[in-house]
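Report on one structure; see the data block that follows.
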Amino acid sequence: MLGGDAFFNSYLSRIAEFAIRERLPSIYAQREYAEAGGLMSYGDSIKEFLRRAATFVDKILKGAKPSDLPIEQPTKFSLAINRKTADTLGIVIPASLYVFADEVLE
């Protein structure tokens, strides 16, 4: 399990490749890891996070004080499963889990 972190996000492809090479089943907090070859992810998208952050930047540039802005948490979490990585690792993902997946990457 790898949580979201700006440092790790800059190496997401390398981290996913390492996990596959070492045959480590892995789950990540951002969808982009599953796109890069990680087994699965459950959480928000980095792109969605940046889109939400842009609204805060806009408000600050228009004069709002950062301390007056509310704290936001993600409102949508999605489950992405990389079927190719599961096959490579020899992991059988139960069909019932695929039913709950928002996206299955081939």
Worksheet item: Which of the following residues is modelled with pLDDT under 90 and at positive phi: Gly3, Gly43?
Response: Gly43
Worksheet item: Can Arg52 be described as under 17 Å from the mean Cα position of the chain (by Cα) and of a type outside the set (Gly, Ala, Ser)?
Response: yes
Worksheet item: What are the residues in the range 61-89 that are in contact with an Asp or Glu (Cβ under 7 Å, 6 or more places away or on another chain), surrounded by 11 or more Cβ atoms within 10 Å (Cβ to Cβ) and either in contact (Cβ under 8 Å) with a residue 60 or more places away in the chain or not in a strand (DSSP E or B) (or both), if any?
Response: Pro74, Phe77, Arg83, Lys84
Worksheet entry | Qualifying residue in the range 38-58 (condition: acidic (Asp, Glu), in contact with a Leu (Cβ under 9 Å, 6 or more places away or on another chain) and in a helix (DSSP H, G or I)) | no
Worksheet item: Within the range 70-84, how many residues turn out to be of a type in the set (Val, Ile, Thr) and at pLDDT below 95?
Response: 2
Response to the item:
Log entry, pairs with first residue in the range 26-41 being under 14 Å from Phe77 (Cα atoms) and surrounded by fewer than 24 Cβ atoms within 10 Å (Cβ to Cβ), second being modelled with pLDDT of 90 or more and of a type outside the set (Asp, Glu), beta carbons closer than 6 Å, six or more apart or on different chains, reads Ile27/Met40
Discussion item. If I filter the range 90-106 down to residues being loosely packed, with under 11 Cβ neighbours inside 10 Å and β-branched (Val, Ile, Thr), which single residue comes out as nearest to the chain's Cα centre (by Cα)?
Written reply: Val99
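The values are calculated or read from the model by the stated rules, or taken from the named source; none is laboratory data. Just so it is clear, the model here is predicted, and its values are computed rather than measured. Positions of Cβ are generated from backbone atoms using ideal geometry, with glycine treated the same way; all protein chains shown enter the neighbour counts.
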